[in-house]
Structures are given as C-alpha cells and as structure tokens.
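Just so you know, all these numbers are worked out from the coordinates, no wet-lab data involved. Worth saying up front: this structure is predicted, and the values here are computed from it rather than measured. Note: ideal-geometry Cβ built from the backbone for every residue, glycine included; neighbour counts use all protein chains shown.
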Amino acid sequence: MKVLSWNVQRAKANDEVWDILKTLDPDICFLQEVSSVPEQILEKYDWVEKTPITKVLKPQKFKCVTLVKGKILQEVSFRFSNDCIKGIHTHFQNNIFCLTCEIQDELIHLYNVYSPAWAVPESLFEWNEVAHIKLNNNDELWVTELVYDSIRNTFTDKDNILMGGDFNQSITFDLGTDGDRGNREVQSRFNALGLHDTLSTCNGGLVPTFKNSKGGKVIHQLDYLYASKKLSKKLLSSSVLSDMKIFENSLSDHLPIVSVFS
C-alpha cells in the first residue's frame with residue numbers, strides 16, 4: 001500500500017503535479033492547497049474535498065482532498081475533551097477531517113491535516129477551557145492541539161490510523177533565538193498516542209520537506225505522515241521525492257512524502 005501526503009501549492013487541474021501523481025499511482029493521498037483535480041485522477045479514487053478557512057475564519061480559495069483506492073464509509077465524528085474545544089473545531093472542521101475507509105479488506109481512519117501557520121484566534125476560547133491542551137512553552141493555541149485532543153478522545157490504540165498533511169510545525173523552529181516553542185512536544189504527544197512519523201522512523205530523524213520563500217533554504221519538516229502502531233509495523237519505506245524537480249520547476253514549495261506499507 002502506497003500512501004502520499006503533499007501540499008501542492010494551489011495546483012490546478014492542468015498542472016504538472018498531477019502527472020507526478022499518476023506516475024506514482026498511490027493508493028491513498030492526503031492533499032492540501034488544491035485548486036482543482038483533473039477528472040482522470042478523480043475517476044480512479046473514492047474522494048472527499050473540504051474547504052479550509054482563512055485567518056479571519058472565511059473560506060479559503062483552495063481545498064484539502066483525500067483520495068483513496070477503496071471505499072469511504074463515513075466521516076469520523078470527533079469527540080473532544082470539552083464543549084469549548086468542540087466549538088473551536090466547528091470553525092476548523094475542514095482543516096482537520098477524518099474518513100473511515102475500507103482499503104484492501106481493512107478498516108483504516110484517514111486523517112487529513114492542514115494546520116495553518118497562524119494560531120487559533122483567542123476570540124474563540126477562554127484560556128481556562130483549553131489549558132489542558134496548551135503546549136508548555138507556547139503562549140498561543142494551535143490547530144495541532146485540536147488534532148491531539150480529537151485523537152485521544154475519539155480513537156483507541158487498536159484503531160488503524162494514517163494521518164498526513166501540512167502541520168506547519170518543525171523541531172527546527174525551536175533551534176533559533178526564540179528557543180523551545182513546543183514543536184518537539186507536538187510530536188511527543190502524537191507518539192504517546194501511538195502515532196509515529198514515517199519519515200523519522202525510516203530515516204532516523206527529521207527530513208526537510210519545505211523550501212523557505214526567503215533565501216530558499218530547505219531545513220524545515222512541515223509535512224508529516226503518521227501511522228498508528230499496527231500500521232507502523234508494516235512500514236517498508238518512507239521518503240520525500242526530492243528527485244522529481246518539485247522545487248526546480250516551482251511545482252510546490254513542499255515536497256511530497258511517499259510511504260509504502262506491506
């Protein structure tokens with residue numbers, strides 16, 4: 001089973017991105033910042049698309065899309081630790097959504113994540129209502145914390161989960177002058193829930209996925225593909241497609257992650 005996660009930077013139906021996707025022929029795709037998908041791609045998959053929100057809580061001009069060579073059975077209705085967090089999620093429900101699917105005779109929950117580079121507006125909550133999910137060394141609340149709360153209150157360690165997307169967090173953010181801002185804690189929390197990043201698992205540490213707009217450095221891993229315990233045991237390989245001239249041809253400022261499971 002081949003799984004891909006990729007922020008395609010507003011790719012339209014006639015962009016070269018889709019030629020790469022056809023060549024790779026993944027069984028599952030987590031896509032972010034999609035303008036439109038060509039019909040020849042959609043006809044091969046069962047699929048769902050969602051429109052995430054802007055910083056002022058209005059619809060974006062692009063979508064998040066999950067594609068699967070299998071059957072989408074239903075969208076997962078998340079449970080949260082309190083009504084405040086549930087209310088926050090109503091605004092971000094198209095940024096983070098999960099589909100229960102039947103794939104190769106197995107039930108897998110496919111969680112698509114598009115966590116913005118901006119924090120959850122404080123107008124949506126009181127701090128005492130979210131203090132239990134707040135990162136220890138960060139003064140703001142991020143969508144990654146909603147993801148964490150949804151997983152620990154919705155799933156068990158026996159569930160098959162694949163979670164892919166653009167998380168807009170990297171442990172390299174904590175290496176600058178600002179010090180620890182909680183990025184390592186985000187990953188530790190997912191690990192504690194039995195979810196492990198396939199790139200780090202196969203490569204022994206962080207693998208950069210993003211090209212900075214200023215300076216063009218490729219040092220941050222903003223994109224992840226997490227697998228739950230049972231699926232992690234089936235992981236054969238995980239890599240970024242740095243040899244596909246993604247950056248050179250300005251196809252996206254993110255590299256696609258491809259993970260293969262037995």
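Between ASP139 and ALA192, what length in nm is gained on full extension when 0.36 nm per residue of separation is reduced by their alpha carbon distance? Don't jump to the answer; show the numbers that get you there.
Working: separation 53, 0.36 × 53 = 19.08 nm, distance 2.23 nm.
Length gained, ASP139 through ALA192: 16.8 nm.
Can you tell me, using C-alpha contacts under 8 Å and at least 6 residues apart, the relative contact order of the chain as a whole percent? Working shown, then result.
Details: 546 pairs, mean separation 50.7, N = 262.
19 percent.
Could you tell me the calculated FRET efficiency between LEU107 and ASN153, based on Cβ-Cβ distance and R0 = 25 angstrom, to the nearest 0.05?
On the way: r = 19 Å, r/R0 = 0.77.
That pair, LEU107 with ASN153, gives E of 0.85.
With semi-axes √(5λ) of the Cα gyration tensor in Å defined as stated, name the option among (i) 38, 29, 15; (ii) 28, 20, 18; (iii) 26, 22, 19 computed from the structure displayed.
Calculated semi-axes √(5λ) of the Cα gyration tensor in Å: the matching label is (iii).
Between LYS50, LYS233, LYS63, where does the largest GNM mean-square fluctuation fall for the chain, given springs only between Cα atoms within less than 10 Å?
Residue with maximal mean-square fluctuation among LYS50, LYS233, LYS63: LYS233.
Of the residues PHE62, PHE92, PHE125, which exhibits the maximal mean-square fluctuation in a Gaussian network model of the chain defined by a 10 Å Cα contact cut-off?
Greatest mean-square fluctuation among the candidates belongs to PHE125.
Quick check: Cα centre of segment 97-117 to Cα centre of segment 20-94, how many Å?
Taking the Cα centre of segment 20-94 as reference, the centre of segment 97-117 is 9 Å away.
Report the relative contact order of segment 142-222, percent, no decimals, based on alpha-carbon pairs under 8 angstrom and at least 6 residues apart.
Working: 65 pairs, mean separation 23.1, N = 81.
Computed over segment 142-222, the figure is 28 percent.
Considering only the chain, what is the antiparallel percent among its DSSP beta bridges, to the nearest 5? Before the final figure, lay out each step's value.
Details: 41 of 53 bridges.
In the chain, DSSP labels about 75 percent of beta bridges as antiparallel.
Which residue fluctuates the most in the chain, going by a Gaussian network model with Cα springs under 10 Å, if the choices are HIS196, HIS132, HIS89?
HIS132
Work out, step by step, the length gained on full extension between LYS44 and LYS217: first 0.36 nm times the residue separation, then minus their alpha carbon distance; give nm to one decimal. The partial results should precede the final answer.
Working: separation 173, 0.36 × 173 = 62.28 nm, distance 3.58 nm.
Full-extension gain reported as 58.7 nm.
I want to check the label-to-label distance for ASN249 and ALA119. Put each point 7 Å from Cα in the C-beta direction and report it in nm to one decimal.
Simple spin-label model gives 4.0 nm for this pair.
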